[in-house]
Amino acid sequence: MEIDQAKRATKRSIWNHHPDLPIQNSPLFSWPPKPIRAAKWLVRRWVDITATLLFTFVAIGFYLFLQPAPETMKTLAPGWIATIYVRNLLFLTTVAGGLHLYLFTLKRQGKNLKYDAREMMVNNGTFTFRNQVYDNMFWSLAGGVTAWTFLEVLYFWGAANGYATTLTFAEAPVWFFVSLLLLPIWASMHFYWVHRFLHWPPMYKRVHALHHRNVNVGPWSGLSMHPVESVIYLSSVLIHFVVPTHPVIFLLHMYIKAVGPAFSHAGFEKVLVNDKRLTDAGDFHHQLHHRFFECNYGTADMPWDKWFGSFHDGTDEAGTRIKERRRKMYQS
Ligand SMILES: [Zn+2]
Ligand SMILES: [Zn+2]
């Protein structure tokens, strides 16, 4: 009995901090239904999570003040494409760079709420430039922002030429808000399936392994991907070619996918200022994926992992089950 407890204590100590366990999936899909908890989850996503609010304001701000005219975007030309590229580059650099500076360089909250106590790796041959942060910055900025800009240009060019239908707020005010609520659910489903595809051994070896260099993660790890993965991962926004929305919804979708990972990979559960929460940041669900690989391919917004037996809820029991799952996978 004592040995068992000691073993558990050792296992638990791999985390400097973790949320209450087991971690939960969205109650939206609970059976029997839990409407009040589900409504709270949805409201919290849009009202309480500062990152989502930030993305909403930036999407509206960029659309109102930094958006090239539809007439200009009818033709692919370096000028307006550069505008979009630069605004994306600055946006990611501000968010990921700001979080990195605050949490890792200046260490403003020490290890408080940090999941993994270890620092970012230096002098390690796994990483480009033998340095985890430089590696992550390079792949995020050179690959990630380029793929992001490519898809954004594709959409706005498509919309300007009538290949994608856009709606004004006045045309569909209710749909504007409904599409906001559906966005995380669609993104979660898309992520689960493309992520499973990326874990298919030939794709994993050639493409996805680059993102998985990061067993421990930091803000710059979020969009640090092989360019092929960046396009596949961000392709969730292509739904706006099929389902008409306001262009701000498209931008918001893109920012959740492209800048959101700077928060979800921050490695800290929350960002604290004078011990008070400024924003939620890290996503322990995904942190577990980086640590144990063959689990939690999706997000907590939709319980695909639960349905397909790959859910790691952070407990020792789930850890043992996932280990067994990995052993079987590598055997076959
Ligand atoms: Zn990741
Ligand atoms: Zn993965």
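Could you tell me which residue of the stretch 302-316 is farthest from ligand 1 (Cβ to nearest atom), considering only residues that are within 16 Å of PRO19 (Cβ to Cβ) and acidic (Asp, Glu)? Walk me through how you get there before you give the answer.
Taking the stretch 302-316 first, the residues within 16 Å of PRO19 (Cβ to Cβ) are 311-316.
Now narrow it down to the ones that are acidic (Asp, Glu): 313, 316.
On the way: ASP313: 18, ASP316: 23 Å.
Restricting to residues being within 16 Å of PRO19 (Cβ to Cβ) and acidic (Asp, Glu), the top hit is ASP316.
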Output for the stretch 270-297, where each listed residue is within 14 Å of the chain's Cα centre (by Cα) and at pLDDT 95 or above: PHE284, HIS285, HIS286, GLN287, LEU288, HIS289, HIS290, ASN296, TYR297
With criteria (1) within 16 Å of ligand 1 (Cβ to nearest atom); (2) at negative phi, PHE293 comes up short on (2)
Pair list, Cβ under 9 Å, 6 or more apart: the stretch 15-26 residue within 15 Å of ASP305 (Cβ to Cβ), other residue in a loop (DSSP other than H, G, I, E, B) and among the charged types (D, E, K, R): PRO22/ASP313; ILE23/ASP313; GLN24/ASP313; ASN25/ASP301; ASN25/ASP313; SER26/ASP301
Please verify whether the stretch 268-275 includes one or more residues that are within 16 Å of ligand 1 (Cβ to nearest atom) and buried (at least 22 other Cβ atoms within 10 Å of the Cβ). yes
Checking ASN214 against (1) under 29 Å from GLY61 (Cβ atoms); (2) within 16 Å of ligand 2 (Cβ to nearest atom); (3) not hydroxyl-bearing (Ser, Thr, Tyr), which test does it fail? (1)
Go through (1) assigned to a helix (DSSP H, G or I); (2) without any contact (Cβ under 8 Å) to a residue 12 or more places away in the chain one by one and return the number of the condition ALA51 breaks. (2)
Matching residues in the stretch 114-159 (part of a helix (DSSP H, G or I), out of contact with any strand residue (DSSP E or B) (no Cβ under 7 Å at 6 or more places or on another chain) and either of a type in the set (A, V, I, L, M, F, W, C) or under 11 Å from SER230 (Cβ atoms) (or both)) number 21
Do any helices (runs of 4 or more DSSP H) lying entirely in the stretch 245-298 carry at least 2 residues that are more than 15 Å from ligand 2 (Cβ to nearest atom) and in contact with a helix residue (DSSP H, G or I) (Cβ under 6 Å, 6 or more places away or on another chain), and which ones are they? 247-258, 260-264
Based on what the data block shows, is GLY222 within 14 Å of ligand 1 (Cβ to nearest atom), under 30 Å from LEU101 (Cβ atoms) and in contact with a strand residue (DSSP E or B) (Cβ under 8 Å, 6 or more places away or on another chain)? no
Being of a type outside the set (A, V, I, L, M, F, W, C) and either in a helix (DSSP H, G or I) or surrounded by fewer than 15 Cβ atoms within 10 Å (Cβ to Cβ) (or both) is the filter here; which residues of the stretch 299-314 pass it? ASP305, LYS306, GLY309
Filter pass, ILE239 being crowded, with 18+ Cβ neighbours inside 10 Å and among the aliphatic types (A, V, I, L, M): no
Pairs where the first residue, in the stretch 292-316, is in contact (Cβ under 8 Å) with a residue 40 or more places away in the chain and β-branched (Val, Ile, Thr) and the second is more than 12 Å from ligand 2 (Cβ to nearest atom) and assigned to a loop (DSSP other than H, G, I, E, B), C-beta under 8 Å, 6+ apart: THR299/ASP283; THR315/LEU21; THR315/PRO22
Out of curiosity, is THR50 in contact with a strand residue (DSSP E or B) (Cβ under 9 Å, 6 or more places away or on another chain), of a type in the set (S, T, N, Q) and more than 19 Å from HIS240 (Cβ to Cβ)? yes
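Which one of ILE84, ILE60 is part of a helix (DSSP H, G or I) and more than 23 Å from ASP280 (Cα to Cα)?
Details: ILE60 fails: more than 23 Å from ASP280 (Cα to Cα).
Only one candidate passes the filter, namely ILE84.
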Please enumerate the residues belonging to the stretch 194-208 that are surrounded by fewer than 19 Cβ atoms within 10 Å (Cβ to Cβ) and either within 12 Å of ligand 1 (Cβ to nearest atom) or part of a loop (DSSP other than H, G, I, E, B) (or both). HIS199, TRP200
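The values are calculated or read from the model by the stated rules, or taken from the named source; none is laboratory data. The structure presented is a predicted model; accordingly, all values stated were derived computationally and were not measured. When we count neighbours, we look across all protein chains shown, and the Cβ atoms used for this are built from the backbone with ideal geometry, even at glycine.
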